[in-house]
Amino acid sequence: MYRVLRPFEYFEPTTVAEVVEILSRYDGKAKVLAGGMDLVPKMRRRDLSPEYIISLQRVKGLDYVNGDGKTGLQIGALASLRSVELSPAVVWDYISLYEAIHQIASVQVKTNGTLVGNLCVATPASDVATILMALGATLKVAGTGRVKDVPIEDFFTGPGRTIMATNEIVTEVSVPEVPPGTGGAFLNLTRVKEDIAKVSAAVVITTANAVCQTAKIALGAVAPTPLRCHQAEALLTGKKLESIDSELVAQLAADACAPITDLRSDAEYRKDMARVLTRRAIERALERAKS
Amino acid sequence: MKKQVANFIVNGRAYELLIEPRTTLLELLRNEIGLTGTKYGCGTADCGACTVLVDGKSTLSCSTLAITVRDKEILTIEGLAQGTVLHPIQQAFVDYGAVQCGYCTPGMILTSKVLLDENPSPTREEVKEALGGNLCRCTGYVKIIDAVLHAAETRGKGDK
């Protein structure tokens, strides 16, 4: 821990194009600052000492939470986690997203930290990344002269790593609309409430005529990135709701993950709890889909 | 790294200061202005001891670059009392024994202010959730939560 941050040059551009231009100019030596809830502590620990910092503060038109369950949700790069948590559209139509953000303990961190920033930090234990993966979110990645849409399951490439080039930023994350008969759930386990997840499970199921139409299962903190469990999902798709064996599906999901042993938990426990949390999340999602 | 002049409004007073981009808001408050009520706890956005309000929003000053909050209204613990009259939340902390070493207290009080501004009659559970980002090593939290709930009552009776 160091009291004083190392010196850097500071920029306050007013457009996304300017941000990209400055990032390109310094070719990997510049870091983007939104809420700073990850960047500044890392600089304090001297894990990172960027020579150039580009603040997004003065870039207009990035702080928004738009839409709802009928139109889909669009969350701008500067929307704080707290503003997403308190958004009526999220509380009413995306309860599982609300739950994932709500269990983050520090109001201060949620007030300053941005949801998009959390995704760009790309920790495999990110609660919001895990639930957004189960919700089928898409990220808008802006680079030189163009913006491309990247499905969230293609976004993360490893712990702390994404597909973004050093001169790209995420400007928005969008979540598809929620058809009737959809239910979602997010659950995680931590050592204490303020801690990062040991394991998390997110399930979103869409049903019609008592049959499961689509299912997405995502696990967090049990692989180098948040993980979609396609084999487990296949066991749910097309199944009559009454014949779903959630224990079996949960077992397949747990089989797909590759957790490590670290200071928070050990691999064996994580794999076992991935199964338990997935089963509970499936059951809760199905309950919610019915109502 | 260039120094630049920036304006800061702290507890209603204006300060024109020469700062580096790397100066954190916490350093500015404690070292440049001399307001030492805001504490350095962890330095890594984990403990909440450095909590101040910026335009009414709770902010971790240890992890905020001062330059990003220029021209905004900053409230520190020193800005709550009116002369020698304590703010109702401060008075409640005194009356309910919610202060031991006092290090977490400024952050606790400012976070509680945000809670009560948003939710004037919180439940015990809501108080606990609101204080999730403020750690205390002395009290065990019970008296802090009691104090906040009591402050909610007294505030309701016409104080600010």
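The values are calculated or read from the model by the stated rules, or taken from the named source; none is laboratory data. Here the structure is a predicted model, which is why all the values come from computation and not from measurement. We place every Cβ from the backbone using ideal geometry, glycine too, and count neighbours over all the protein chains shown.
Here are some notes:
- Verdict on A:Val91 being in a helix (DSSP H, G or I) and crowded, with 21+ Cβ neighbours inside 10 Å: no
- Of all the residues in segment B:92-110, those that are over 15 Å from the mean Cα position of the chain (by Cα) and of a type outside the set (A, V, I, L, M, F, W, C) number 4.
- Test: A:Asp63 is touching a Gly at 6+ places or on another chain (Cβ under 7 Å), within 14 Å of chain B (Cβ to nearest Cβ), surrounded by fewer than 20 Cβ atoms within 10 Å (Cβ to Cβ) and charged (D, E, K, R): yes
- Failed condition for B:Leu28, given (1) within 12 Å of the chain's Cα centre (by Cα); (2) within 23 Å of A:Ile54 (Cα to Cα); (3) among the hydrophobic types (A, V, I, L, M, F, W, C): (1)
- The set of residues in segment A:40-51 that are more than 8 Å from chain B (Cβ to nearest Cβ) and either over 23 Å from the mean Cα position of the chain (by Cα) or not in a loop (DSSP other than H, G, I, E, B) (or both) comprises A:Lys42, A:Met43, A:Arg46, A:Ser49, A:Pro50, A:Glu51.
- One residue from A:Thr182, A:Thr278 being over 18 Å from A:Ala129 (Cβ atoms) and within 20 Å of the chain's Cα centre (by Cα): A:Thr182
- Of the criteria (1) surrounded by fewer than 21 Cβ atoms within 10 Å (Cβ to Cβ); (2) under 18 Å from B:Arg22 (Cβ atoms); (3) not charged (D, E, K, R), which one A:Gly35 fails: (1)
- Residue in segment B:113-135 that is farthest from B:Leu75 (Cα to Cα), counting only those that are in a loop (DSSP other than H, G, I, E, B) and over 14 Å from the mean Cα position of the chain (by Cα): B:Thr123
- Residues in segment A:132-182 that are within 28 Å of A:Ile22 (Cα to Cα), of a type outside the set (S, T, N, Q) and touching an Asp or Glu at 6+ places or on another chain (Cβ under 8 Å): 6 in all.
- The one condition in (1) away from chain A (no Cβ under 12 Å); (2) of a type outside the set (Val, Ile, Thr); (3) closer than 23 Å to A:Gly36 by Cβ that B:Leu65 fails to fulfil: (1)
Per-residue answers, yes or no, for (1) assigned to a loop (DSSP other than H, G, I, E, B); (2) loosely packed, with under 14 Cβ neighbours inside 10 Å; (3) in contact (Cβ under 8 Å) with a residue 24 or more places away in the chain:
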| residue | (1), (2), (3) |
| --- | --- |
| A:Ala223 | yes, no, yes |
| A:Ala232 | no, no, yes |
| A:Gly238 | yes, yes, yes |
| A:Glu242 | no, yes, yes |
| A:Ala250 | no, no, yes |
| A:Ala254 | no, no, yes |
| A:Thr261 | yes, yes, no |
| A:Ser265 | yes, no, yes |
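- Residue under evaluation B:Gly48, criteria (1) within 21 Å of B:Asp146 (Cβ to Cβ); (2) touching a Cys at 6+ places or on another chain (Cβ under 6 Å); (3) not assigned by TED's automatic domain parsing to the domain that holds B:Tyr141, criterion not met: (2)
- Residues of segment A:6-34 that are in contact (Cβ under 8 Å) with a residue 40 or more places away in the chain, within 22 Å of A:Thr114 (Cβ to Cβ), at the interface with chain B (Cβ under 9 Å from one of its Cβ atoms) and of a type outside the set (Asp, Glu): A:Phe8, A:Tyr10.
- Annotation for segment A:25-39: no member residue is among the basic types (Lys, Arg), within 21 Å of A:Val147 (Cβ to Cβ) and part of a loop (DSSP other than H, G, I, E, B).
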